[in-house]
Amino acid sequence: MVPFEDKGQYNPVRGKEPCFVHATEEWRKREIAEMLTTPEKIRTLQRKLYRKAKQEPTYRFYALYDKVFRADILSHAYTLVCANKGSAGIDGVTFEAIEEREGVSAFLAELQEALRGKTYQVSPVKRVMIPKADKTERPLGIPTIRDRVAQMAAKLVIEPIFEADFCECSYGFRPKRSAHDAVDDVAYTPSTGDIPKS
């Protein structure tokens with residue numbers, strides 16, 4: 001093989017063996033992306049809830065609680081919470097402790113039973129002070145992992161309903177939208193004359 005000196009070559013002329021570090025990182029990123037992808041059964045539920053909320057804006061959803069403690073929703077909620085890599089709450093239980101002691105399946109089964117039996121109790125939130133640039137501190141509340149999983153499960157169920165009510169020009173705290181998107185939209189609107197519909 002003739003090296004392309006002027007184009008730059010990834011592996012030097014007298015290079016070593018192929019580097020698999022980058023390939024391993026890519027595989028890991030793909031595994032994480034697949035792991036965080038919402039399972040089709042949950043996506044189907046979310047689509048149905050979204051469509052119903054969009055087609056009938058005055059409809060009230062009274063029977064959603066049983067969806068929150070479905071095993072697949074709790075399992076996906078745990079995966080999403082674990083991916084955030086948060087620290088332990090006031091109970092001191094970490095993800096490693098859950099996996100080593102009781103196992104994820106037993107942890108989720110206990111949470112599912114507490115939710116189903118309506119005996120679930122929210123734990124107090126751990127208060128931590130975070131230093132700011134101006135040498136002051138701001139408070140940060142850290143819920144327990146158990147509470148975060150329950151909150152994420154509820155979010156997975158109710159988010160599509162609220163999404164149906166939002167305007168296209170709303171950006172705050174919405175999936176796949178950011179403050180940067182809002183700024184881009186504001187910059188785009190005057191130049192095109194397009195005013196987003198409410």
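The values are calculated or read from the model by the stated rules, or taken from the named source; none is laboratory data. These figures come from a predicted structure and were not determined experimentally. All Cβ positions, even for glycine, are placed from backbone atoms using ideal geometry, and neighbour counts span all protein chains on display.
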Item to check | Checklist (1) among the hydrophobic types (A, V, I, L, M, F, W, C); (2) closer than 11 Å to residue 145 by Cα; (3) at pLDDT below 95 applied to residue 107, failing item | outcome: (3)
Item to check | Search result, residues across the stretch 62-76 that are in a loop (DSSP other than H, G, I, E, B), at pLDDT 90 or above and hydrophobic (A, V, I, L, M, F, W, C) | outcome: 64, 69
Item to check | Flag if residue 116 is loosely packed, with under 15 Cβ neighbours inside 10 Å, at pLDDT 95 or above and not acidic (Asp, Glu) | outcome: yes
Item to check | All positions within the stretch 169-198 that are surrounded by 10 or more Cβ atoms within 10 Å (Cβ to Cβ) and either at pLDDT below 70 or outside any helix (DSSP H, G or I) (or both) | outcome: 169, 170, 171, 174, 177, 178, 189, 194, 196
Next on the checklist: I need the full set of residues from the stretch 134-168 which are aliphatic (A, V, I, L, M), farther than 22 Å from residue 63 by Cα and part of a helix (DSSP H, G or I), in order please.
Outcome noted: 145
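Can you tell me which residue among 124, 131 is surrounded by fewer than 14 Cβ atoms within 10 Å (Cβ to Cβ) and touching an Asp or Glu at 6+ places or on another chain (Cβ under 7 Å)?
Unique residue meeting the criteria: 131.
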Next on the checklist: Given the criteria within 16 Å of the chain's Cα centre (by Cα) and at pLDDT below 95, does residue 58 qualify?
Outcome noted: no
Item to check | Whichever residue in the stretch 83-105 is surrounded by 14 or more Cβ atoms within 10 Å (Cβ to Cβ) and in contact with a strand residue (DSSP E or B) (Cβ under 8 Å, 6 or more places away or on another chain) and, among such residues, is nearest to residue 143 (Cα to Cα) | outcome: 89
Checklist entry - If you go through the stretch 101-111 one residue at a time, do you hit one that is within 18 Å of the chain's Cα centre (by Cα), within 21 Å of residue 155 (Cβ to Cβ), among the acidic types (Asp, Glu) and in a helix (DSSP H, G or I)? => result no
Checklist outcome for this item: Going through (1) among the polar types (S, T, N, Q); (2) under 21 Å from the mean Cα position of the chain (by Cα); (3) under 21 Å from residue 46 (Cα atoms) one by one, residue 144 fails only at (3)
Checklist entry - Across the stretch 49-82, which residue is surrounded by the fewest Cβ atoms within 10 Å (Cβ to Cβ) among those that are of a type in the set (A, V, I, L, M) and within 20 Å of residue 125 (Cα to Cα)? => result 80
Item to check | Filter result (part of a strand (DSSP E or B) and either more than 27 Å from residue 154 (Cα to Cα) or more than 23 Å from the chain's Cα centre (by Cα) (or both)) within the stretch 113-133 | outcome: 129, 130, 131
